[in-house]
Amino acid sequence: MPRVRLLAPLMLLGTACLVAPIAQSVPVATKAPKLEPVADAKLLMNGLAEPNFKGVGKLLKDRPKESEAWEFMRGRALLIAETGNLLMIRPPKAREPQDSWMTHGTELREAAVTLARAAGDKDYLKSRAAFAGVANACNRCHRTFNVASRVEPFPDEEK
Ligand code: HEC
């Protein structure tokens, strides 16, 4: 049986490879899992930040009556907060603006968590104030990084 004869040394080799690291007590895993950005910031803006921001704005036009609406708003706020986390794993390449990017990402997360809490409490006035805080966090980062886009919390309302 020539096939068996051919395979036998290969199998031995395989066993040797498996045993070797343990015998030398060398760690087997060389690469630790880590966060890696795969989308660009623009996609996060168009796919996550903006739709959730607008969604909250619609829900806050009038005081929500249904429990589900508050729950939905809370979910949207938490997704905005997670956008802050996602932004922080893709800071600009140049070193100098990185700190400011991280600060703005953190501000967005915190403002959105405040909104999520107010929505969890079904507190209409607090939610509106917190939502304006989220808009400020968006705009502060845009101003710092010369992004032309300005977001408005309640675009249809008179100021
Ligand atoms: C940490 C910084 C930062 C924060 C916070 C931030 N953005 Fe942005 N945003 C950017 C950058 C950078 C761009 C430009 C992306 C590009 O064109 O590559 C951008 C672009 C945009 C755009 C335009 C996208 C396009 O198609 O050109 C919109 C809309 C937007 N952001 C919405 C928001 C909203 C809504 C929030 C808050 C909920 C927010 N952003 C928070 C950095 C930020």
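The values are calculated or read from the model by the stated rules, or taken from the named source; none is laboratory data. Predicted, not measured: the structure shown is a model, and the values here were computed from it. Cβ placement follows ideal geometry from the backbone for every residue including glycine, while neighbour counts extend to all protein chains displayed.
Put simply, of A118, A94, A69, A148 the only residue that is over 14 Å from the mean Cα position of the chain (by Cα), of a type in the set (G, A, S), outside any helix (DSSP H, G or I) and over 20 Å from P37 (Cβ atoms) is A148. Return a yes/no flag: does segment 130-144 have any residue that is touching a residue at least 40 places away in the same chain (Cβ under 8 Å), within 19 Å of K42 (Cβ to Cβ) and aromatic (F, W, Y). No, because not a single residue in segment 130-144 is touching a residue at least 40 places away in the same chain (Cβ under 8 Å), within 19 Å of K42 (Cβ to Cβ) and aromatic (F, W, Y). Of all residue pairs spaced 6 or more apart or on separate chains, those with beta-carbon atoms under 6 Å, a first member in segment 35-48 that is over 17 Å from H142 (Cβ atoms) and touching a residue at least 24 places away in the same chain (Cβ under 8 Å) and a second member that is more than 9 Å from the ligand (Cβ to nearest atom) and among the β-branched types (V, I, T) are L35/I89; P37/I89.
A single member of L59, L115, L87 is at pLDDT 95 or above, under 25 Å from D40 (Cβ atoms) and in contact with a helix residue (DSSP H, G or I) (Cβ under 7 Å, 6 or more places away or on another chain), and it is L87. Condition check: of a type in the set (K, R), within 12 Å of the ligand (Cβ to nearest atom) and out of contact with any Leu (no Cβ under 6 Å at 6 or more places or on another chain). Does R140 satisfy that? Answer is yes for this residue.
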